[in-house]
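The values are calculated or read from the model by the stated rules, or taken from the named source; none is laboratory data. Computed from a prediction, not measured in an experiment: that's the story for all the values here. Backbone-built Cβ (ideal geometry, glycine too); neighbour counts: all protein chains shown.
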Amino acid sequence: MNSLLEQIPAQERIKKILTNFLQSESIPHALLFSGPQGVGKENAAIQFAKTLVDSRIKIGETEKNLRGIEQLQEPYVKFIIPLPRGKNETDTSSPTEKLTSDEIDLIREQFEIKSKNSFHRISIPKANSIKINSIRDIKKFLSLNYDETGFRFVIISDAHLMNDEAQNALLKSLEEPPDNVVFILSTSIVSKLRPTIISRCWKISFDPLPAEVIVELLTEKFQIDRSDAEEVAPFAMGSVQSALKLIESNFHNLKEKTISILRFSFGRKFNSAFDELNSLLSAQASTDIHIVIIMILSWLNDIQKHRLNFKIFFYKDHIDTIEKFDQKFPDVDINDITTKLETLSNLTRNNINQNLLAANLVFELSSLVLNKK
């Protein structure tokens, strides 16, 4: 396997697929990398681009091309991200011409961080969609002839944030792709992409990362203390981004609050449960409802482990809560509530009001033990 592909942590199945492309010299003109946030899709896109260029470019030119890809620079890579809309911006404006100087500086700063750490998730305030302006800019990128660069790449981050107009514009480029140009779309919500776009891409679904890989990424890429990384990683559901959010959310406090929310919800003390939730979801806090649901799902997973006589738990400091619940409610269907909470978690992507989601969360937890006493 190419050494550059080894820069993709875990994901052995994915690396085998990409290696087969290289060995067969049959490279799809468009790839769709799908899977949860924080499992390494964009890192894989960058490493695959480097690998493909490394296999085709003449010796002596390789270093310049690889550096250009790493730094997400044109003409090597067109890296498209969601951007905020500027004042008085129209669909004929360039993607950034109506943005403030502060916004442009922030975008440059985020790209610089990304170029040094491909696991970094670019975050721009109010960047809720991929503009049609950005997709139209692809035509300019494709119209320029840079034979000396070999392959060139269009990488679209959070591709599901393209609106219908942007997706229509992209479709035209996908229908007649130029030679030696590879599109890589990265998304955590495939269902928001048009079937016509999906049908023109080779779809590759990424797996959650093992906890031990998350620990290494947190310590090496984000300089997180190893002890903190080891404590958080099992709760991260295979996602580096979820692990980082847990750390930002004061993980020790988050665990205690989660136990309180569970106790109050099961005891039908709704006001107390809402108070605990609201203290986590306040405007000043960095926690969102998705993170709280992850914490609750981890506790429910511990219930299943206890029933199967496992000895390793997420909430190893709260074994008593697990044992007491299982003694009191041995017949409760954990699979059913888990499915409902996962559905709630998916709704967090749709900008639904957090208070409404919180109310549904407490209701679902309380209904778990309703009439079971």
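The set of residues in segment 136-159 that are surrounded by 16 or more Cβ atoms within 10 Å (Cβ to Cβ), at pLDDT below 95 and part of a helix (DSSP H, G or I) comprises ARG136, ASP137, ILE138, PHE141, LEU142, THR149. Out of curiosity, is PHE21 part of a helix (DSSP H, G or I) and either crowded, with 16+ Cβ neighbours inside 10 Å or at pLDDT below 95 (or both)? In short, yes. Evaluation of THR196 against the conditions (1) surrounded by 18 or more Cβ atoms within 10 Å (Cβ to Cβ); (2) over 17 Å from LYS78 (Cβ atoms) shows that the sole unmet condition is (1).
Within segment 287-305, none of the residues are buried (at least 18 other Cβ atoms within 10 Å of the Cβ) and either in contact with a Gly (Cβ under 9 Å, 6 or more places away or on another chain) or more than 22 Å from LEU365 (Cβ to Cβ) (or both).
Of the residues GLN11, GLN37, GLN71, the single one that is polar (S, T, N, Q) and in contact with a Lys or Arg (Cβ under 8 Å, 6 or more places away or on another chain) is GLN37. Residue count for segment 177-220 under the criterion of being touching a Ser or Thr at 6+ places or on another chain (Cβ under 9 Å), within 20 Å of GLN37 (Cβ to Cβ) and free of Cβ contacts under 8 Å to residues at least 40 places away in the same chain: the result is 1. When SER227 is evaluated against the numbered criteria (1) in contact (Cβ under 8 Å) with a residue 40 or more places away in the chain; (2) not assigned by TED's automatic domain parsing to the domain that holds ALA10, which criterion, by number, is the only one it fails? For SER227, the failing item is (1). Among the residues of this structure, GLY38 does not count as one that is out of contact with any Asp or Glu (no Cβ under 6 Å at 6 or more places or on another chain), free of Cβ contacts under 8 Å to residues at least 60 places away in the same chain and either closer than 18 Å to LEU5 by Cβ or in a loop (DSSP other than H, G, I, E, B) (or both).
When every residue of segment 330-346 is checked against the conditions, at least one turns out to be within 25 Å of the chain's Cα centre (by Cα), of a type in the set (Gly, Ala, Ser) and farther than 16 Å from ILE259 by Cβ. For ARG67, which of the numbered conditions (1) surrounded by fewer than 18 Cβ atoms within 10 Å (Cβ to Cβ); (2) touching a residue at least 40 places away in the same chain (Cβ under 8 Å); (3) among the basic types (Lys, Arg); (4) not in a loop (DSSP other than H, G, I, E, B) fails to hold? Every listed condition holds for ARG67 apart from (2). Within the option set ALA236, ALA229, being modelled with pLDDT of 95 or more, of a type in the set (Gly, Ala, Ser) and buried (at least 21 other Cβ atoms within 10 Å of the Cβ) holds for one residue only, ALA229.
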